[in-house]
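Worksheet: the structure to be examined is printed underneath.
The values are calculated or read from the model by the stated rules, or taken from the named source; none is laboratory data. All figures in this text were calculated on a predicted structure; none of them were measured in a lab. We place every Cβ from the backbone using ideal geometry, glycine too, and count neighbours over all the protein chains shown. When the accessible area is computed, the model is the full protein with side chains, heavy atoms only, and any ligands, DNA or RNA have been set aside. Shrake-Rupley method; radii C 1.70, N 1.55, O 1.52, S 1.80 Å.
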Amino acid sequence: MPQAIVVVGAGPVGQTAALLLARWGVPVTVLDRRPARDPVGSKAICQQRDVLDVWASVGASAIADEGLTWTTARTYLGERELFAWTFAEDGDSPLPPFVNISQSRTEEILDGRIAASDLVDVRWGHEVTGVVQDADGVTLTCANGAVLRAPYVVCCTGSRGGGLREALGLDFPGRTFDDQFLICDIRAELPGWESERRFYFDPAWNPGRQVLIHPCPDSVFRIDWQVPPDFDLATEEASGGLDRRIRQIVGDRPYEIVWRSVYRFHSRMVDRMRVGRVLLAGDSAHVVAPFGARGLNSGVGDAENAAWKLAFVSRGWADEAVLETYHGERHAAAAENLDITGATMRFLVPQDETEQAVRAATLLAAAGDPELAARTVDSGRLAEPFWYVDSPLTTPAPHRPFGGRPAKGQLCVPAPGVIVPDVRVRVPGHDEPVRLREVVREGFTLLLATAGGPVDPAAAPSTDHDDAWAESLAAAARAASTAPVTVLRLDGHGAEADPARPRDLPAVPGEAWLIRPDAHIAAILPDARAGDVTVAVRRALARTGG
């Protein structure tokens, strides 16, 4: 069995990293400075479909089941609706596009999965104060005197993990926004609001600023008010101002305050997400404004990327060179999130007269034109999986170029680097088609379009195909990697897939699709040959030589 990897931080990113490593058969020790779990407040509430899929892969499908599904995002100027949009469907996925659920409940569900694992050891009251690396591993020293040795460490300490960042020689450059935001979780009955996110620019009940309202389970609504830099919550409560704010939204309906807090937004990112044998994930590496829900959703992407690469190295399936691609891929994802949320914050909280003028003109023009409003009014672009188009692990496909960032709520057309659509496929040993996403996280997956006609992923195998071709490609994939490789043949008996519809799997005869363990497409090879597959698999393992 591999040596235990240490995860520092038992928040949802650390929990996810630990569960994913354990799923690969790698033991994990989780250290957290707190004496115990502190389940307070909603915090990160909005979880995207592909993150729910990751959690489902470790047995935490209850997060999707218990979360409140919402499908429509509405944006208002005052009381006038500017535009609304809904999410695109993703193939045959049983998962909703987004759910809202409190972070404390998410952590509780993940804790249950950790308790059921023999490979995860959680140690509370272990504040890591020292990190020393050498050629063979990492030595961690804790404030309680404990000393641990590990081959690798995943740092998931959150935005306040400055001590470990400093010990690793990392700065945390960026900025903090002056305006504050007041959060209240309230329990109330608001008919018609249960499946919608509502964003208000300049409402009469918060003039000159914004308000965001999210529905949550159990008739709870999360309300975020932008408030002045000198806002004081204690004064607001004592004066009755907080009750007045809430009443301006709920009217005379009864309500209960479940939790409230005040915070400022930060936009920061380390310059390195890998320092030797230590990988940084989640808010320990990057923090963004929450509009767009790109914090925890991106942190789970970090955890999955780190986990499969560390597991492959630990099990001897890959060399350490693949760990450097963790920094390259996830730092690019963090930079993308900072760019998107930075643009949102410049629109929401203009920092100078020029930005204020742009926002005012944009809102004025958008007031009578819903299509223009949807394109130009920035109330937050919701989280989506990052596309590893430029990763050294991705084999370019000139015949299937990346189409660029899709419109809000839409999905990327399948291309190398993009996450694979969640279609159903035939798998040996199963009577009915199964979800492709359930198959690909077992290792590498090679999809072979062997049919002489259009490809239907769920069609039964046919004996008319070129068996020798399929067998040669399967043999090449398995010879190129000691990691698990699943080979699936896609046979054509249905209507031809439409490349313009991302929910389809638009494979054409003669193509081989190589899927990574994190469900991203590593290669789409036209008229594939065994040598092409060998090169693509080696490239996906960062083994480009030889």
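The table below lists the values:
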item: Fully extended contour minus Cα-Cα distance, from Thr86 to Asp111, at 0.36 nm per residue; result: 5.8 nm
item: Accessible carbon and sulfur surface of the chain relative to its total accessible area, %, 1.4 Å; result: 50 percent
item: The chain, accessible area per residue, ligands and nucleic acids excluded (1.4 Å, Å²); result: 39 Å²
item: Packing rank of 171-180, 338-347, 49-58, where each peptide gets the mean count of other beta carbons within 10 Å, highest leading; result: 49-58, 338-347, 171-180
item: Label corresponding to Rg and Dmax of the Cα atoms in Å when calculated from the structure given, among (i) 47.3, 174; (ii) 24.2, 79; (iii) 22.5, 72; result: (ii)
item: Exposure rank, largest accessible area first [Glu107, Glu66; 1.4 Å]; result: Glu66, Glu107
item: Over the chain: helical MRE at 222 nm, DSSP H runs n ≥ 4 each giving -39500 (n - 2.57), nearest 500; result: -9000 deg cm²/dmol
item: The range 262-291 and the range 51-71: distance between their alpha carbon centers, rounded to Å; result: 24 Å
item: Per-residue SASA entry for Glu81, accessible area with 1.4 Å probe, Å² rounded to 10; result: 80 Å²
item: Peptides 158-167, 95-104, 416-425 ordered by average Cβ neighbours within 10 Å, highest first; result: 416-425, 95-104, 158-167
item: Segments 505-511, 536-542, 348-354 sorted - mean Cβ within 10 Å per residue, highest first; result: 536-542, 505-511, 348-354
